[in-house]
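S.K.: One structure coming up, written as structure tokens, with questions to follow.
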Amino acid sequence: MITNLRYEDDIILLATSEAELQELVDHIHRVSCKQSLLINVDKNKVACRVLIQNKLLEQVDTFPYLGSLITEDGECTTEFRTKLNRGQSIGASLQKIWKSHSIPIRLMKALVWPVATYGCESWTLRKNEKTRLDAFEMKGLRKILRVLWTAKKTNE
């Protein structure tokens with residue numbers, strides 16, 4: 001089982017219980033002390049009650065990690081909508097480019113999709129989010145190809 005996610009100097013510890021998480025934190029603290037490394041208690045946040053150096057870490061319901069908002073319950077609806085809104089605003093700001101270039105679909109994939117899907121690895125997509133993502137893509141394609149939303153075109 002994966003117990004931690006690491007990137008540069010950031011670590012997320014994963015555990016199935018509060019006691020298991022405390023055990024992981026204690027182990028990291030012991031190893032860090034042997035290497036003369038200090039864990040900054042003020043910068044660390046947890047989703048349950050955990051102690052380091054007899055100090056209680058700050059408990060939070062959500063926290064940012066690598067551009068994604070990690071929630072205690074694994075929900076990503078708010079972040080998902082925020083990212084799609086950012087993608088739509090980028091697409092809207094590029095209207096002149098869509099009209100002047102002969103390869104707008106490739107530009108959309110290079111300029112809009114990365115903004116809209118940044119951090120998508122941490123998303124928990126349900127049917128509703130999948131439908132919204134498909135609608136976001138279709139709306140972008142229709143705008144680029146100048147197909148009115150009232151036109152009866154299928155997704156195929």
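S.K.: Taking the criterion of being farther than 30 Å from residue 147 by Cβ, of a type in the set (A, V, I, L, M) and either within 24 Å of the chain's Cα centre (by Cα) or not assigned by TED's automatic domain parsing to the domain that holds residue 130 (or both), would at least one residue in region 69-84 satisfy it?
M.R.: Within region 69-84, one or more residues are farther than 30 Å from residue 147 by Cβ, of a type in the set (A, V, I, L, M) and either within 24 Å of the chain's Cα centre (by Cα) or not assigned by TED's automatic domain parsing to the domain that holds residue 130 (or both).
S.K.: Here's another thing I want to ask about it. Can we say residue 53 is in contact with a His (Cβ under 9 Å, 6 or more places away or on another chain) and either assigned by TED's automatic domain parsing to the domain that holds residue 125 or not hydrophobic (A, V, I, L, M, F, W, C) (or both)?
M.R.: It is true that residue 53 is in contact with a His (Cβ under 9 Å, 6 or more places away or on another chain) and either assigned by TED's automatic domain parsing to the domain that holds residue 125 or not hydrophobic (A, V, I, L, M, F, W, C) (or both).
S.K.: The conditions are (1) exposed (fewer than 10 other Cβ atoms within 10 Å of the Cβ); (2) more than 25 Å from residue 73 (Cα to Cα); (3) at pLDDT 85 or above, and residue 8 fails exactly one of them. Which is it?
M.R.: (3)
S.K.: Any residue that is over 25 Å from residue 4 (Cβ atoms), of a type outside the set (Val, Ile, Thr) and in contact with a helix residue (DSSP H, G or I) (Cβ under 6 Å, 6 or more places away or on another chain) - is there at least one of those in region 114-130?
M.R.: Yes; the residues of region 114-130 include at least one that is over 25 Å from residue 4 (Cβ atoms), of a type outside the set (Val, Ile, Thr) and in contact with a helix residue (DSSP H, G or I) (Cβ under 6 Å, 6 or more places away or on another chain).
S.K.: May I pose another question? Determine whether region 12-23 contains at least one residue that is of a type in the set (A, V, I, L, M), free of Cβ contacts under 8 Å to residues at least 24 places away in the same chain, crowded, with 16+ Cβ neighbours inside 10 Å and in a strand (DSSP E or B).
M.R.: Yes, region 12-23 contains a residue that is of a type in the set (A, V, I, L, M), free of Cβ contacts under 8 Å to residues at least 24 places away in the same chain, crowded, with 16+ Cβ neighbours inside 10 Å and in a strand (DSSP E or B).
S.K.: Checking the structure you have, find out if any residue of region 59-73 is modelled with pLDDT under 85, in contact with a Leu (Cβ under 8 Å, 6 or more places away or on another chain) and of a type in the set (Asp, Glu).
M.R.: So far as region 59-73 goes, no, none of its residues is modelled with pLDDT under 85, in contact with a Leu (Cβ under 8 Å, 6 or more places away or on another chain) and of a type in the set (Asp, Glu).
S.K.: Report every pair of residues separated by at least 6 positions or lying on different chains whose Cβ atoms are under 9 Å apart, first residue within region 61-87 and on the phi > 0 side of the Ramachandran plot, second surrounded by fewer than 14 Cβ atoms within 10 Å (Cβ to Cβ).
M.R.: Once the first residue is on the phi > 0 side of the Ramachandran plot and sits in region 61-87, its partners that are surrounded by fewer than 14 Cβ atoms within 10 Å (Cβ to Cβ) give 66/7; 66/10; 66/121; 74/124.
S.K.: Continuing with this model, one more query. Pull up region 31-60, narrow it to residues that are surrounded by 10 or more Cβ atoms within 10 Å (Cβ to Cβ) and of a type in the set (D, E, K, R), then point me to the one that is farthest from the chain's Cα centre (by Cα).
M.R.: 55
S.K.: Among the residues of region 129-148, are any on the phi < 0 side of the Ramachandran plot and within 14 Å of the chain's Cα centre (by Cα)?
M.R.: Checked against the condition, which is being on the phi < 0 side of the Ramachandran plot and within 14 Å of the chain's Cα centre (by Cα), region 129-148 yields at least one hit.
Per-residue answers, yes or no, for (1) closer than 30 Å to residue 72 by Cα; (2) at pLDDT 85 or above; (3) assigned by TED's automatic domain parsing to the domain that holds residue 87:
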| position | (1), (2), (3) |
| --- | --- |
| 106 | no, no, yes |
| 119 | yes, no, yes |
| 128 | yes, yes, yes |
| 132 | yes, yes, yes |
| 136 | yes, yes, yes |
| 139 | no, yes, yes |
| 149 | no, no, no |
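The values are calculated or read from the model by the stated rules, or taken from the named source; none is laboratory data. Note that this is a predicted model, so its numbers are computed, not measured. Here the Cβ is made from the backbone with ideal geometry for all residues, glycine too, and neighbour counts use every protein chain on show.
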